[in-house]
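Structure record follows, encoded as structure tokens.
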Amino acid sequence: MSFEIISLKITVNTVDGPYGINIPFSSGLFLLRVENSHGKSTCMNAIAYALGMEKALGLGGAKIPFPPSLTRALTNKEGKEIGVIKSFVELTIKNSRNHLAKLKRNIAGFEPDNIITINEFSPENGDSTGSYFLHLEGDAKRERGFYFWFSKFLDWHIPQVPNHNGKDTPLYPSILFPAWFVEQKKGWSSILATIPTQFGIKESKKRALEFLLSLDVNDNILERSAIKNEIDNISFKWKLIRHNAEIVAAKISSIISGIPEQPEVKFDTYKIDLILKEKDYIISAIDYRKKLESQLNCINNENISPVDDEKLQIEVRAGFHFVLSLIKYKLTTEFR
């Protein structure tokens with residue numbers, strides 16, 4: 001999962017022509033020695049910038065970690081100030097499989113600074129060129145995301161770690177970068193002093209060290225986080241069902257009982273009951289049902305004398321003839 005810096009090139013295009021520096025790096029320990037205020041920090045920041053790691057420099061926000069000589073104007077040897085038209089940085093790196101990649105990122109000019117153009121040189125696949133975005137959603141998950149490419153180039157398997165919103169998020173390489181790179185103003189105060197916080201990763205320093213030391217702690221953390229999220233989901237559904245039950249009970253002027261506020265493993269469904277108010281008394285739905293069943297049994301057990309069918313038919317026929325005679329009488333008297 002290691003990589004090696006091969007070269008660093010900074011180019012500044014002005015109306016007076018191009019300016020810049022090209023630094024080849026040797027294998028092993030490399031020392032860059034120049035006088036103060038001659039660009040050592042600019043070169044170090046350019047490495048971080050080319051790798052999309054400027055947020056790990058402790059500068060905050062979207063501040064570009066470069067002096068005005070790379071962004072607005074520079075002063076030449078004659079003391080003349082020259083306006084900057086365009087500036088960019090090129091960093092060549094090599095992975096453990098000896099594949100080379102040249103990363104080019106714009107600093108100033110019309111081109112966007114959240115795009116990194118990459119020229120890859122692979123003995124197996126040949127040369128290829130592509131543009132990759134960063135500092136936008138999906139830059140660690142999508143095929144054209146720079147951090148996705150960077151992780152693939154280094155054979156990293158970026159894990160998902162819990163964030164402060166209760167969800168999982170990628171362990172961005174910017175979280176790991178302060179373990180390799182010490183920023184001269186803030187970086188000596190503590191381990192991983194300039195680790196970025198805008199990704200919202202919980203205990204980001206611990207997660208970075210666990211990844212770099214190849215510990216399996218993250219798997220346990222993810223499992224605990226998933227279990228906690230499931231518990232929260234069950235609690236939410238429980239409260240929703242309890243609330244709906246209370247609404248249904250209120251429609252018949254009763255209240256629900258026997259449902260606890262939080263889910264219980266040994267919850268007894270037989271304890272669920274409705275409490276009703278009958279006149280001045282309070283009675284449970286179970287007792288009220290027993291009362292109604294008792295009344296129904298009493299009605300069913302009452303002795304009802306059977307009716308004589310023949311007698312009933314005679315009475316019905318007599319009544320029918322009486323009504324018919326009455327109608328005939330009315331018709332005869334009305335139209336006589």
I'm trying to understand the selection: among the residues of segment 6-19, which are closer than 24 Å to PHE177 by Cβ and out of contact with any helix residue (DSSP H, G or I) (no Cβ under 7 Å at 6 or more places or on another chain)?
ILE6, SER7, LYS9, THR11
Could you please find all residues in segment 7-24 being hydrophobic (A, V, I, L, M, F, W, C) and more than 37 Å from the chain's Cα centre (by Cα)?
ILE10, VAL12, VAL15, ILE21, ILE23
Given the conditions (1) touching a residue at least 24 places away in the same chain (Cβ under 8 Å); (2) exposed (fewer than 11 other Cβ atoms within 10 Å of the Cβ), and given that ALA50 satisfies all but one, which numbered condition is not satisfied?
(2)
Are there any pairs with C-beta distances below 7 angstrom linking a residue in segment 3-17 that is assigned to a strand (DSSP E or B) to a residue that is surrounded by 14 or more Cβ atoms within 10 Å (Cβ to Cβ) and acidic (Asp, Glu), with the two at least 6 apart or on different chains, and if so which?
LYS9/GLU90
Identify the single condition in (1) farther than 28 Å from GLN160 by Cα; (2) out of contact with any Ser or Thr (no Cβ under 7 Å at 6 or more places or on another chain) that ILE107 does not satisfy, given that it satisfies every other one.
(2)
Scan of segment 127-165 for residues that are touching a residue at least 12 places away in the same chain (Cβ under 8 Å), over 19 Å from ALA101 (Cα atoms) and either among the charged types (D, E, K, R) or assigned to a loop (DSSP other than H, G, I, E, B) (or both), ordered by number:
HIS135, LEU136, LYS141, ILE158, PRO159, HIS164, ASN165
Take the conditions polar (S, T, N, Q) and exposed (fewer than 14 other Cβ atoms within 10 Å of the Cβ) and apply them to SER27. Does it pass?
yes
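Taking the options PHE153, PHE88, name whichever one is among the hydrophobic types (A, V, I, L, M, F, W, C) and at pLDDT below 95. Give the steps one after another, and end with the answer.
Numbers: PHE88 fails: at pLDDT below 95.
Residue meeting the stated conditions: PHE153.
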Give just the number: which of (1) in a loop (DSSP other than H, G, I, E, B); (2) without any contact (Cβ under 8 Å) to a residue 12 or more places away in the chain does PRO65 not satisfy?
(2)
Exclusive hit being over 25 Å from LEU212 (Cα atoms), surrounded by fewer than 20 Cβ atoms within 10 Å (Cβ to Cβ) and hydrophobic (A, V, I, L, M, F, W, C), set PHE110, PHE3
PHE110
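The values are calculated or read from the model by the stated rules, or taken from the named source; none is laboratory data. Note that the structure is predicted; figures quoted are calculated from it, not measured. Cβ atoms come from the backbone with ideal geometry, glycine included; neighbour counts cover every protein chain shown.
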